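Okay, so here's the structure we're looking at.
The values are calculated or read from the model by the stated rules, or taken from the named source; none is laboratory data. Predicted model only: the values in this text are computed from it and were never measured. Neighbour counts run over all protein chains shown; Cβ positions are idealised from the backbone, glycine included. Accessible surface is based on the protein model in full, side chains and every heavy atom, while ligands, DNA and RNA are left aside. Shrake-Rupley method; radii C 1.70, N 1.55, O 1.52, S 1.80 Å.
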Amino acid sequence: NPTLCPILPCVEFESLPAGGEYVVGDSFSDSGVTLHVERFQWSNNVWTSGGHVGVDTDRMAGHLGQDLNLNNTNVRFQFRQCVSRLTLLFGEYGGNVNLAVNGEFKNTANFADLDGATLGGATVKVVDLGDRKGRLEVTGILEVFAIGGQELWIDHVCLEECPQS
């Protein structure tokens, strides 16, 4: 008799220093999740390691407090437990986006292009919240999750733990 999926603390990036900046090869943690900064693939399929991740208070993802600005870079989330669902808020302001789930990678113009897709065995849903903002939902067993963009902000990354049987 499986129990309900417990909701883990959301990753809000509040423990990071405002104005902090991270480059490819750096790692940092928030709310028990480690994030690794990785290279980014532009729309022409060329990879770059020249981007950075910034911590700011501009609320570009549409949530309170601090956002993470992904500027020509990806961040890979390293989970400490089995995750069955991930949701996050994003603000998408230009350039292409990268999304990787369980080893399957997509490079697309906008997150809306991925709505309804199956990626790495997980289902992707994208909800348009208006004003270039949205909510990304990925449902399925998530072992590896990475996201990136050129002018992309993310915040309020919420995880549900896999049901225990």
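Here is how the numbers come out for the structure above:
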| quantity | calculated |
| --- | --- |
| Candidate set from region 43-59 (those that are in a strand (DSSP E or B) and not aromatic (Phe, Trp, Tyr)); member that is most open to solvent (accessible area, probe 1.4 Å) | His52 |
| Qualifying residue in region 93-101 (condition: within 20 Å of Trp42 (Cα to Cα) and of a type in the set (Val, Ile, Thr)) | yes |
| From Phe90, Phe40, residue being over 18 Å from Arg135 (Cβ atoms), of a type in the set (Phe, Trp, Tyr) and crowded, with 19+ Cβ neighbours inside 10 Å | Phe40 |
| Lone unmet requirement of (1) more than 26 Å from Gly25 (Cα to Cα); (2) β-branched (Val, Ile, Thr); (3) under 13 Å from the mean Cα position of the chain (by Cα) for Ile147 | (1) |
| Residue check, Gly148 closer than 18 Å to Gly20 by Cβ and either in contact (Cβ under 8 Å) with a residue 60 or more places away in the chain or among the charged types (D, E, K, R) (or both) | yes |
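This table checks each residue for (1) of a type outside the set (Lys, Arg); (2) open to solvent by 60 Å² or more (accessible area, probe 1.4 Å).
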residue: Ala61; (1), (2): yes, no
residue: Arg85; (1), (2): no, yes
residue: Leu99; (1), (2): yes, no
residue: Lys106; (1), (2): no, yes
residue: Asn110; (1), (2): yes, yes
